[in-house]
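Working notes, structure below.
Bear in mind these aren't lab numbers, they're just calculated from the coordinates by the rules spelled out. Model, not experiment: these values are computed from the prediction. Note that each Cβ is placed from the backbone with ideal geometry, even for glycine, and that neighbours are counted across all protein chains shown.
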Amino acid sequence: MSTLFVISGPSGAGKSVLIRRILDDLPAIRFSVSSTTRGPRPGETDGVNYHFISREQFQTDVESGRFLEYAQFSGNMYGTNRHEFEEAQNLGQDLLLDIEVQGARQLQEKGIEAVYIFVTPPSFAELERRLRSRGTEDEVAIHRRLRQAVEDVSHVDRYQFVIVNDNLEEAYSRLRSIFIAERSRRPRMEAALEPILASFQK
Ligand code: ADP
Ligand code: 5GP
């Protein structure tokens, strides 16, 4: 069985930090590496954080149906590679998607079952502070992302879970709890249950 986890939230809310932690902490979660037309930030690796591709390549990939969903965000294109989704399903792996709200909506409209999680900062002012302190965008891009954030938070009601990322430890603990709870659902426990139930047969 494979569960799809979709994480959205304004840029600078702390999604990447939380995702890095969960991938390090819990076993057997596959991160869906998206394609994007934005350039790599310092420390980002092609094929690990994203597939960094040209606009022309992105357009070709759209036309060939390579993306499960895609959207424009803050002047760049981002898309989920269909093969990530199909491979995770075929191998029975849990898959984690870090995508913005329009992309999450496309999945919901396709009837794709997932655990939809929204990460929010404790306030707009704190979001602004985090985006600036991250230092990965220039002033124009920061403003663009902050404007986008106003739109992003207006779609929070499409999500099943909300994590307020104020204190990082607290936020991480909640995210971890969601993963553990989803993995404890009875259908997911069947393989573990089988020998236990057998041991009760006299
Ligand atoms: P996102 O992936 O949502 O755009 P990041 O994970 O890159 O956001 O986080 C944005 C910035 O905020 C980073 O510099 C990160 O270290 C910082 N940050 C994340 N969570 C917290 C937190 N709980 N408190 C303070 N700073 C945080
Ligand atoms: P960033 O440039 O900060 O890495 O990402 C900007 C936004 O794009 C984030 O909200 C992130 O969740 C979103 N994003 C990343 N990959 C995808 C994707 O494949 N599809 C969609 N729709 N959004 C994505």
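Quick one: compute the contact order of the chain, relative version, from alpha carbon pairs under 8 angstrom and 6+ residues apart, as a percent.
Values: 274 pairs, mean separation 61.2, N = 202.
Computed value for the chain: 30 percent relative contact order.
Within 10 Å of each residue's Cβ, count the other Cβ atoms and sort Thr45, Thr120 from fewest upward. Walk me through the numbers before you get to the answer.
Details: Thr45 9, Thr120 23.
Ranking Thr45, Thr120 by Cβ neighbours within 10 Å, fewest first, gives Thr45, Thr120.
Would you pull out the residues with amide H under 5 Å of Thr3's amide H, same chain only if 5 or more places away, H placed 1.01 Å from N?
Asp94, Leu95
Taking other Cβ within 10 Å of each residue's Cβ, how do Val17, Val6 sort, fewest first? Spell out each step's value before the answer.
On the way: Val17 15, Val6 24.
With the sparsest Cβ surroundings first, the list reads Val17, Val6.
Could you tell me the distance between the Cα centroids of region 14-92 and region 158-175, to the nearest Å?
Here the two parts' Cα centres lie 22 Å apart.
Per-residue ellipticity at 222 nm for the chain, helices alone: DSSP H runs ≥ 4 residues times -39500 (n - 2.57), over residue total, nearest 500 deg cm²/dmol?
-14500 deg cm²/dmol
Taking θ as phi - 60°, what are the ³J(HN,Hα) couplings along region 15-21 by the Karplus curve (6.51, -1.76, 1.60), each to the nearest whole Hz, with x for Gly and Pro?
4, 4, 4, 5, 5, 4, 5
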